[in-house]
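The values are calculated or read from the model by the stated rules, or taken from the named source; none is laboratory data. For clarity, every value in this text was computed on a predicted model and none was experimentally measured. Methodologically, a virtual Cβ is constructed for each residue, glycine included, from the backbone with ideal geometry; neighbour enumeration extends over all protein chains shown. When the accessible area is computed, the model is the full protein with side chains, heavy atoms only, and any ligands, DNA or RNA have been set aside. Shrake-Rupley method; radii C 1.70, N 1.55, O 1.52, S 1.80 Å.
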Amino acid sequence: MTSGQVAVSRAQLAWLTELGIDRKLLASIADTTSLFTVPPAPAIAPAARAGLKPGAALAPTRGSAPASDQAAAPARVSPTSRPIPPDAQPAQVIPVVRQPLPDNLTALAESVAQCQACGLHAVRHQTVFGDGVAQAPDWMVIGEVPGDHDDHLGLPFQGKAGELLNHMLVAAGILPSATLFYTNLLKCRPKGARAPKPEEIEACLPFLRQQIALVRPAGLLVLGWQAAQALLGQRASLDRLRGQVHRYHDAGLDIPLVVTHHPASLMLRGHFKAAAWQDLHLARQALLSLP
Ligand code: URA
């Protein structure tokens, strides 16, 4: 490779081509060379996902994205039928409800599995607590609600949105090197894949906050406006929330937090993919610049 050239993996190339990002644009972004000098990787190394099924032991493992995603992340994914709430839709600022929650992850997962704080317990197949590196990962990736597959398997991001998420993380150079823990704003899937209601978010948010306090990720990557508004307590549109590095303050923590488009939203609105790529690039830079 000569000076000025960059090497991209097949997954990265597929993503970047889809975005319409050419080498000129790449060159205009700082640290592009280090981002794209990773050796081509046809597939991510098999992940050691923690498999945090409710009630199961939460052994800390190194892991990244779903094994199924890694094996067969397609260049394109077709839209799902899941309705995505408009990014600019205003949402209520949710007060944080403090409960005495367990101070270890295994017990917290059990509390989630037993939870009946809102009506979703009656329609879930399984709670979806989280999965991945459960001790101080580089990133906690926070989605909105479990998908259909996730609800049956008890694991997050098992479907098409997870495939696209994995693709995005590889394209941005976050995977395969970073360690990740995946979870959601809600731990139960609303029936009919509807958006979460404010009272459901209010009931579930303490679990997420406690998860963050116990997992202690270096950074938070938040997908979609609902999770972002809930965690930041800001009634702002996704457009206002993305494109910057926020700070998450809770339980004595001060963690960089980056918001971007939800992958399910990107499946319906492909023109936001370039912005999502920029957000992930920003996230990667934010972590690199940590002392
Ligand atoms: N699956 C998840 O676990 N979370 C999402 O936000 C979407 C799909």
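For the reader, a short list of remarks on this structure follows.
- Breaking point among (1) open to solvent by less than 40 Å² (accessible area, probe 1.4 Å); (2) at pLDDT 95 or above; (3) not hydrophobic (A, V, I, L, M, F, W, C), for ASP69: (2)
- Wholly within region 101-189, helices (runs of 4 or more DSSP H) carrying at least 1 residues that are near the ligand (Cβ under 9 Å from one of its atoms): 148-153, 160-171
- Qualifying residue in region 224-239 (condition: at negative phi and without any contact (Cβ under 8 Å) to a residue 12 or more places away in the chain): yes
- Just so you know, in region 245-281 the residues that are among the polar types (S, T, N, Q) and open to solvent by less than 10 Å² (accessible area, probe 1.4 Å) include one that is nearest to the chain's Cα centre (by Cα), and it is THR260.
- Sole residue being open to solvent by 10 Å² or more (accessible area, probe 1.4 Å) and under 17 Å from PHE157 (Cβ atoms), chosen from ARG242, ARG189, ARG216: ARG189
- Unique match (being modelled with pLDDT under 95 and closer than 13 Å to ALA218 by Cβ) among LEU257, LEU253, LEU287: LEU287
- Within region 181-208, residues that are under 11 Å from GLN226 (Cα atoms) sit with their Cβ atoms under 6 Å from residues that are in a strand (DSSP E or B), at 6+ positions apart or across chains, in these pairs: ASN184/GLY143.
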